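Peer 1: I'd like to ask some things about the structure below.
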Amino acid sequence: MPKDSKIVIIGSGVFGISAAYHLAKEQYQNIKVFDKGDYDNNKFNPLQGATGASTDFNKLVRASYVEKVHYQNLALESLAVYYEWNKQLKSAAFLPEGLTNDDLIFKNTGYVRLDDYPNNEEERTLANFSKQGLRAYEYDINDPEDIERSKITGWYSKIDPLNQKGTVKTLSGVLDSIAGVANADKALLWMKYLCERTGNVDFIYGPRAGSVSKIVYSSETPEKVVGIETADGKYYPADYVIVAAGGWTPQLLPSKNQERLESVGSTFICVQIPHDRQDLLEKYKNFPMVNWKLTFEGNLRKDGVYMFPATDDGIIKIGANDHFWRYLTGNDKGILSVPNTDFKLLPLESLNTYKKFFRQWLGDLSNAGVKIEKSRYRFSAVGQHNEFVIDFIPGHSNLIVSSGGGFHGFKFLPIIGRFVEGLISGKDYKYAEFFKFDSIPKKDYDIELVKDQANPYALNSVKFVDRKTDYFDL
């Protein structure tokens with residue numbers, strides 16, 4: 001494929017910006033990335049107004065995937081790159097605003113998965129880690145030998161961070177000392193910087209210039225894409241168009257292909273540790289990433305919660321296991337779930353999950369008077385079987401979809417874009433077969449698209465919290 005091919009990428013989140021980087025690295029010289037986010041100003045930070053699922057200040061990086069070994073191995077590959085990025089950033093010159101040599105892109109915090117009922121997921125995950133020679137980095141919280149080993153290696157304090165032993169009689173779990181937290185906004189800024197250093201990528205951001213209003217098809221050959229139009233009325237010709245718009249992806253697909261992905265929303269909250277409580281700051285900064293009641297395969301319990309370590313500024317991000325919200329709207333393609341990032345209120349069901357978690361396990365924060373200072377929705381494109389979709393859209397020779405992050409895609413930022421590069425360059429990278437559009441037959445689809453606005457998970461009709469102050473009480 002000619003290296004001067006005009007390549008348009010819709011979306012500057014994980015899938016889009018990674019594709020741009022891998023294409024630019026292979027000397028494709030004419031790449032344009034469009035996104036309606038105001039990333040030149042908010043620097044991918046949700047606390048400054050960024051709304052994409054990728055735009056965040058922290059994301060989990062883990063390789064535990066039970067028997068989905070393709071994700072496990074890709075995550076391990078990504079981890080190695082994150083460590084290299086940390087080294088490179090320390091000595092990088094001419095950094096853009098928002099990045100400094102003192103920043104970390106990845107921090108090895110550890111990740112503890114806790115549950116209150118027996119399941120064999122951890123056993124299967126540990127078996128696959130053993131095959132990779134990594135079992136020594138995992139600590140079963142109830143295994144005496146693992147507990148003793150954690151004392152020697154310095155991980156013991158993170159085995160029971162919520163002090164649940166003795167309270168939860170059926171407590172089980174594993175501390176994963178390989179995993180950690182990516183500073184997501186810094187990681188995206190870094191990859192954008194790497195793209196721009198090649199001289200092959202232009203980023204067009206903003207609600208007018210960066211918002212793609214239409215994919216333009218050839219009048220003579222309808223299956224061929226010829227370009228895009230943006231909200232400010234400009235037309236950009238393209239030899240390839242890559243749809244990597246996260247939760248906005250399904251609405252950009254041809255209607256007959258939309259059931260392969262669905263836009264699904266989830267909430268998270270931020271609490272601020274009081275500035276005069278240095279003791280609490282030190283405690284929660286040294287927490288591992290925590291999952292409570294979030295099994296990988298049976299991820300259906302509504303009182304499941306994940307919790308990040310506190311930032312240096314004392315902000316703790318906590319998310320509920322509520323990634324089932326849809327916002328339904330009608331258009332010429334029928335009823336479709338689309339992102340709505342204007343919501344300011346939490347669903348009552350989600351708030352009750354947060355309150356229960358604080359009441360049970362975070363009493364010192366509650367006693368210190370913390371409130372929910374910020375709440376946000378994130379809409380992600382979820383694929384059937386929660387598999388990514390990175391492929392040519394059936395029936396189209398130059399229209400590619402790269403999406404389906406399903407709330408677990410960020411960790412693959414360093415490497416996921418190579419699968420798009422492979423499609424354009426004609427390369428067949430390992431594991432690409434898992435991401436084909438037709439890798440899952442329709443008869444095996446496990447997600448039925450929500451179309452009814454009265455559905456209990458449709459944000460159009462759920463009961464919201466009546467917010468009367470600038471924060472929610474916990």
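Readers should treat all values here as calculations from the given coordinates under stated rules, not as data from a laboratory. Everything numeric here is computed off the predicted structure, so don't read it as measured data. All Cβ positions, glycine included, derive from the backbone under ideal geometry; neighbour counts span all protein chains shown.
Peer 1: Counting only other residues whose beta carbon sits under 12 Å from that of Gln88, what net charge do I get with K and R as +1, D and E as -1?
Peer 2: +1
Peer 1: Enter the Cα centre distance for the pair the stretch 7-36 and the stretch 377-402, rounded to the nearest angstrom.
Peer 2: Taking the Cα centre of each part, the stretch 7-36 and the stretch 377-402 sit 16 Å apart.
Peer 1: Another one. Just subtract the alpha-carbon distance of Ser218 and Asp466 from 0.36 nm times their residue separation and send over the number in nm, one decimal.
Peer 2: 84.3 nm
Peer 1: Please give the Cα centre distance for the stretch 250-270 versus the stretch 77-116, rounded to the nearest Å.
Peer 2: Centre-to-centre (Cα) distance: 29 Å.
Peer 1: Follow-up. Using each residue's phi in the stretch 235-251, evaluate 6.51 cos²θ - 1.76 cosθ + 1.60 at θ = phi - 60° and report the 3J(HN,Hα) Karplus result to the nearest Hz, with x for Gly and Pro.
Peer 2: With the stated coefficients, the stretch 235-251 comes to 10, 10, x, 8, 8, 9, 10, 10, 8, 9, 9, x, x, 8, 4, x, 6 Hz.
Peer 1: Using each residue's phi in the stretch 375-386, evaluate 6.51 cos²θ - 1.76 cosθ + 1.60 at θ = phi - 60° and report the 3J(HN,Hα) Karplus result to the nearest Hz, with x for Gly and Pro.
Peer 2: My calculation for the stretch 375-386 gives 9, 9, 9, 10, 10, 10, 7, 10, x, 4, 6, 6 Hz in order.
Peer 1: Peptides 258-269, 82-93: what's the order by average Cβ count within 10 Å, highest mean first?
Peer 2: 258-269, 82-93
Peer 1: Decide, for the stretch 11-69, between rounded, prolate and oblate: order the square roots of the alpha carbon gyration tensor eigenvalues as a ≥ b ≥ c, take rounded if a/c falls under 1.5, and otherwise choose prolate if a/b is larger than b/c, else oblate.
Peer 2: oblate
Peer 1: Which order do the peptides 406-412, 358-364, 276-282 come out in when sorted by mean C-beta neighbours inside 10 angstrom, highest first? Write out the running numbers ahead of the final one.
Peer 2: Details: 406-412: 22.7, 358-364: 16.0, 276-282: 13.9.
Put in order of decreasing packing, that is 406-412, 358-364, 276-282.
Peer 1: For the stretch 401-441, what is the Kirkwood hydrodynamic radius in Å, using each pair of distinct C-alpha atoms?
Peer 2: Hydrodynamic radius (Kirkwood, Cα only) of the stretch 401-441 equals 11.1 Å.
Peer 1: Quick check: pseudo-label points 7 Å beyond the Cα along Cα→Cβ at Thr170 and Lys283, how many nm apart are they?
Peer 2: 2.8 nm
Peer 1: Compare the peptides 221-230, 162-171 by average per-residue count of other Cβ atoms within 10 angstrom and give them in order, highest first.
Peer 2: Working: 221-230: 16.4, 162-171: 12.8.
So the order, starting with the most tightly packed, is 221-230, 162-171.
Peer 1: Size of the dipole of the stretch 412-469 about the Cα centre, Lys and Arg at +1 and Asp and Glu at -1 on the beta carbon, nothing else charged, in debye to 20?
Peer 2: 260 debye
Peer 1: Which value does Rg/Rh take for the stretch 418-474 over its C-alpha atoms, Rh per Kirkwood?
Peer 2: Values: Rg = 21.1 Å, Rh = 16.3 Å.
Using Cα coordinates only, the ratio equals 1.30.
Peer 1: Here's something else I'd like to know. Got a sec to turn the phi values of the stretch 336-341 into Karplus ³J(HN,Hα) couplings, 6.51 cos²θ - 1.76 cosθ + 1.60 with θ = phi - 60°, whole Hz, x for Gly and Pro?
Peer 2: 8, 7, 10, x, 10, 8
Peer 1: Which distance in nm do the two modelled labels at Asp116 and Tyr445 give, with both placed 7 Å along the Cα-to-Cβ direction?
Peer 2: Rounded to a tenth, the inter-label distance reads 3.6 nm.
Peer 1: I would also like to ask the following. At 0.36 nm per residue, and after removing the present C-alpha to C-alpha distance, how many nm does the segment from Leu76 to Ala368 gain when stretched out fully?
Peer 2: Length gained between Leu76 and Ala368: 101.3 nm.
Peer 1: State the answer as a single residue: which of Thr353, Leu76, Pro309 lies farthest towards the positive end of the charge dipole of the chain, with beta carbon charges of +1 for Lys and Arg and -1 for Asp and Glu, about the Cα centre.
Peer 2: Thr353
Peer 1: Classify the stretch 105-183 as rounded, prolate or oblate from the Cα gyration tensor: take a ≥ b ≥ c as the square roots of its eigenvalues, call it rounded if a/c is under 1.5, otherwise prolate when a/b beats b/c and oblate if not.
Peer 2: rounded
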